[in-house]
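The values are calculated or read from the model by the stated rules, or taken from the named source; none is laboratory data. Since the structure is predicted, the reported quantities are computational estimates derived from the model, not experimental observations. Here the Cβ is made from the backbone with ideal geometry for all residues, glycine too, and neighbour counts use every protein chain on show. Just the protein is used for accessible areas: all its heavy atoms, side chains included, with ligands, DNA and RNA removed. Shrake-Rupley method; radii C 1.70, N 1.55, O 1.52, S 1.80 Å.
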Amino acid sequence: MSLHEFLASAQEQGHADADLVSVIRALAIAAQDIDHLIRRDGLDENLGSEIGGINSDGDSQKALDVRSEEIIINHLEGQGAAALLSEEQEDPIPLNDQGSLIVAVDPLDGSSNISVNVTIGTIFSILPSHGDAKAHSLQQGRDQIAAGFFTYGPQTTLILCFAKTDDVVTFTLDPDGKGFLMTGEGLQIPTTTKEFAINSAYTNHWFKPVQKWMTDTLDGQSGPQGKDYRMRWVGSLVSDAWRIFQRGGIFLYPADRRQGNETGRLRLVYEANPIALLAEKAGGKASNGYGAILDMTPEDLHQRVPLFFGAASEVDRIENEHNQERDD
Ligand code: AHG
Ligand code: MN
Ligand code: MN
């Protein structure tokens, strides 16, 4: 089944309205353009080159960060979204006055992996429009109408869910020009795996709950977990997330003592929230260490948050470490 057919049937069943269908179609076309651009990286231009700009979070922008955002804006114009919230812009970008939706995006996730031939992606969260720029940005993750992300890797993929159903669906871009075709539905994060994803280079900067979690984990078979784990860290949230949705385990990007990371590194509105909705729909969990990501009320469009997601039992374990610390 094509994405096109899937969206038409979702509309027929009342899971998506015309605005939502138009927005997801536009994002899928944008993703195909971004994918094409990435496949030509180094042939016409160097997409990993820093272009001298600084985004809203103080990260230096690469050519592909900016080009991806431009492509997304171009395709969303005239569709069902009133505004775009983007990692690359301080404020909302107005799109279509008549649109009933807000799209929040990380146009290009995994910037450090551009030009090294490692999977990168685009993350999106779709929210209702409330007619006011500030109100758009500060909605809880539970208000999301749909969420998903694209990966640009050996395969170009899409994982998608709607608030109105519990179905998490996946698509792969057909290299022979047939667009995105469905490859999976009813996706559930496997409950029994032994993989974790964390950048352990920051061990000395972590706070106690994460250090304790790591010590117990590394104790393996003879430790409290009674099993040996494997570690994977791609360095692109989308790629680590795709693996966890397929193969289980847990992703951790905690807050740490580094300057600017005291409340985490990843962004709540356009990174953590969409992943969290997908994780819950797929039977897993997403937490900031103390509670569900989706229950947080953002105070700022670019707010950072600690992020732990994956199989429910694994997320419960890291939450327990945080709660124990609070009791001590
Ligand atoms: P972005 O490229 O949108 O700024 O996001 C990069 C994020 C995320 O994809 C990844 O999980 C994380 O940064 C990697 O951080 P480290 O380099 O600290 O490992
Ligand atoms: Mn990102
Ligand atoms: Mn980004």
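Here are a few things to note about the model shown:
- Long-range HN-HN contacts of residue 296 with modeled amide H, under 5 Å: 141
- DSSP H segments from the chain that extend 18 Å or more along their own axis, Cα-based, with Kyte-Doolittle mean of -0.5 or above: 18-39, 63-76
- 41, 228, ranked by accessible area, largest first (probe 1.4 Å): 228, 41
- Peptides ranked, highest mean first, by Cβ atoms within 10 Å: ranges 268-277, 104-113, 24-33, 3-12: 268-277, 104-113, 24-33, 3-12
- With the simple model of a label 7 Å out from the Cα in the direction of the Cβ, residue 313 to residue 166 spans 1.9 nm.
- Surface share of carbon and sulfur [accessible, 1.4 angstrom probe, percent] for the chain: 46 percent
- Amide H to amide H distances under 5 Å link residue 184 with 170, where only residues 5 or more positions off or on other chains count and H is placed in the peptide plane.
- Ellipticity estimate at 222 nm from DSSP helix runs (n ≥ 4, -39,500 (n - 2.57)) divided over the chain, nearest 500: -9500 deg cm²/dmol
- Solvent exposure of the chain, expressed per residue, is 42 Å² of accessible area, with all protein chains present and a 1.4 angstrom probe.
- GNM top mover of 167, 97, 19 - the chain, alpha-carbon springs below 10 Å: 97
- Radius of gyration over Kirkwood radius for the chain, both on Cα atoms: the Rg/Rh ratio is 0.95.
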